[in-house]
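Please read the structure below before turning to the comments.
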Amino acid sequence: MGKRQVRIFRKDLDKHLSELLRQPTVQVVLRSKVVMHGILRTLGEGKLQLEDFRFGKHNFTADQVEEIIYDLESPY
């Protein structure tokens, strides 16, 4: 089965809060072009927390985020 990427840009984060928190893993692309991969633990009030797979917690403000990307499994 194939996968499709869903890209949520900074201006649309507020509209997709519950959708992003339900995803098993996400990639957070920062404005500094750093990409973090992990589980989104909290998102709201202009702040978000990502837990990576080494159990490190990373805190960001919405201004630091360029986009958040997650994968969807396609039906074909």
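The values are calculated or read from the model by the stated rules, or taken from the named source; none is laboratory data. Note that this is a predicted model, so its numbers are computed, not measured. Ideal geometry is used to build each Cβ from the backbone, glycine not excepted, and the neighbour counts take in all protein chains shown. With ligands, DNA and RNA removed, areas are computed over all heavy atoms of the protein, side chains included. Shrake-Rupley method; radii C 1.70, N 1.55, O 1.52, S 1.80 Å.
Miscellaneous remarks
- Residues of the range 33-54 that turn out to be under 20 Å from Leu72 (Cβ atoms) and not hydrophobic (A, V, I, L, M, F, W, C), as a count: 2
- Close contacts from the range 15-29, counting a first residue that is β-branched (Val, Ile, Thr) and a second that is modelled with pLDDT of 90 or more and open to solvent by 50 Å² or more (accessible area, probe 1.4 Å), with Cβ to Cβ under 6 Å and a gap of 6+ residues or different chains, come to Val29/Val35; Val29/Glu66.
- Wholly enclosed strands (runs of 3 or more DSSP E) of the range 33-76 bearing at least 3 residues modelled with pLDDT under 95, open to solvent by less than 40 Å² (accessible area, probe 1.4 Å) and hydrophobic (A, V, I, L, M, F, W, C): none
- Residue count for the range 12-32, restricted to those that are under 19 Å from Glu73 (Cβ atoms) and in a helix (DSSP H, G or I): 4.
- Qualifying residue in the range 10-32 (condition: open to solvent by 50 Å² or more (accessible area, probe 1.4 Å), at positive phi and of a type in the set (Asp, Glu)): no
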